[in-house]
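Laboratory data are not the source of any read-out in this text; all were calculated from the coordinates shown. These numbers come from a predicted model, not from an experiment. Glycine gets a Cβ as well: all are built from the backbone with ideal geometry, and neighbour counts include every protein chain shown.
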Amino acid sequence: MTNHFEKRVDPVKLVPGAKTVISVLLNYYPSQYPLHSDVPKVSKYAYGKDYHYTVRGKLKQLFDFIKENIYPELEGRWFVDSAPVLDRAWAVRSGLGWIGKNTNLINKKWGSFVFIGELIVNLELREEAEEVRNACGTCTRCIDACPTGAITEPYIIDANRCISYLTIENKDDIPDEFKGKFDNWVFGCDICQDVCPWNSKPIPTNEPDFKPSEQFRKMTIEDWVDLNEEKFDELFRQTPLERTGFNGLKRNINFLFQK
Ligand code: B12
Ligand code: SF4
Ligand code: SF4
């Protein structure tokens, strides 16, 4: 992220002629869960197909719709989870929610199990979005529940302590100090969102791409322990788990089961 500071704070450097950022959310709260409750846990965002493709596809449709029906001179680009754009900051400015103490964007209706994407375009719009007031109040549930102490103070995450970072982005061994602290998470972590009162009445997504496969839902502890490269490809092709690859996921499984 540091490498793209200039572009991150000034989208015109990223998209010449940019006048507007249009932010969108896509709910990914699952409609179906793994069947066995004692198996290693995968973060809900990764149950189905890789969201980057899904969200980008929808953003392109939105772009084409505006160009065809509203503004033929439309120029711009679309982004989701891309290094030079701070998705959450733009979503806040677009009035889609506030950043909670767990650092996720929270929408009053949809909660925080939402992906964020945006169009950065040359179309000039009247500024109508009103920023939503932070509604965390005196709550500290996310900070109290984080098993590794990664939320070091409200609104600050130490990524080096976050299970999400340690199981997905981290390329090295997982440090021993976290042994026994992962609460069975093998890929990502949802704890600081699961405990959030704004996620207490989740609305399951109707996006077909995010539906978990039956094969994944049926996995038993034995399937996880015995996972080999061939099975990994069968189970997780085109899902976010491709990011760690087989070796990364195997490292995480071993970390959970080592005494
Ligand atoms: C790096 C990253 C991570 C890191 C660091 C997390 C973090 N909280 O920053 C790790 C690997 C730990 C991570 C984990 C997760 N992530 Co992540 N991650 C990102 C990524 C790529 C960049 C975020 C970032 O820059 N962080 C570092 C610093 C700069 O953030 P910051 O200090 O809070 O920044 C503040 C200020 O510096 C200032 N600021 C900084 N730059 C700018 C620029 C402008 C123009 C302005 C106005 C302000 C401003 O505003 C910021 C917000 O307060 C974004 C995608 C993206 N491109 O935005 C997804 C993203 C934040 N992640 C996402 C998700 C889903 C997750 C997980 C839930 C996945 C999981 N279940 O395991 C976890 C949640 C962990 C947690 N509690 O945050 C979603 C969040 C959706 C939401 N509702 O908020 C995003 C937005 C991806 C997406 N497009 O949907 N993630
Ligand atoms: S995702 Fe998990 S480890 Fe990371 S801050 Fe939230 S609760 Fe802590
Ligand atoms: S758990 Fe509480 S403090 Fe944390 S983000 Fe949700 S409302 Fe805010």
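Values for this structure:
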quantity: Helix 51-69 axis, angle to the chain major axis (alpha carbon atoms, nearest 10°); calculated: 20
quantity: Choice from Asp209, Asp158, Asp194 showing the highest fluctuation, given a GNM over the chain with Cα pairs closer than 10 Å; calculated: Asp158
quantity: Violating pairs (Cα-Cα greater than 18 angstrom) within the set Lys108/Lys201; Lys41/Lys179; Lys44/Lys201; Lys41/Lys211; Lys181/Lys231; Lys60/Lys109; calculated: Lys181/Lys231; Lys60/Lys109
quantity: Separation in nanometres of the label points that stand 7 Å from Cα toward Cβ, at Phe257 and Lys181; calculated: 2.4
quantity: Candidates Asp64, Asp81, Asp190: whichever shows maximal mean-square fluctuation once the chain is modelled as a Gaussian network with Cα springs under 10 Å; calculated: Asp64
quantity: Proximal lysines relative to Lys171, as straight alpha-carbon distance under 16 Å, when same-chain residues fewer than 8 apart are discounted; calculated: Lys250
quantity: 5 angstrom amide H check on Trp185, placed H, neighbours 5+ away; calculated: Lys41
quantity: Three-way shape label, the range 116-182, alpha-carbon gyration tensor, a/c 1.5; calculated: oblate
quantity: Dimensionless Rg/Rh of the range 7-118 - Kirkwood Rh, Rg from C-alpha atoms; calculated: 1.02
quantity: Cα gyration tensor shape of the range 122-244, rounded if a/c is under 1.5, else prolate or oblate by comparing a/b with b/c; calculated: oblate
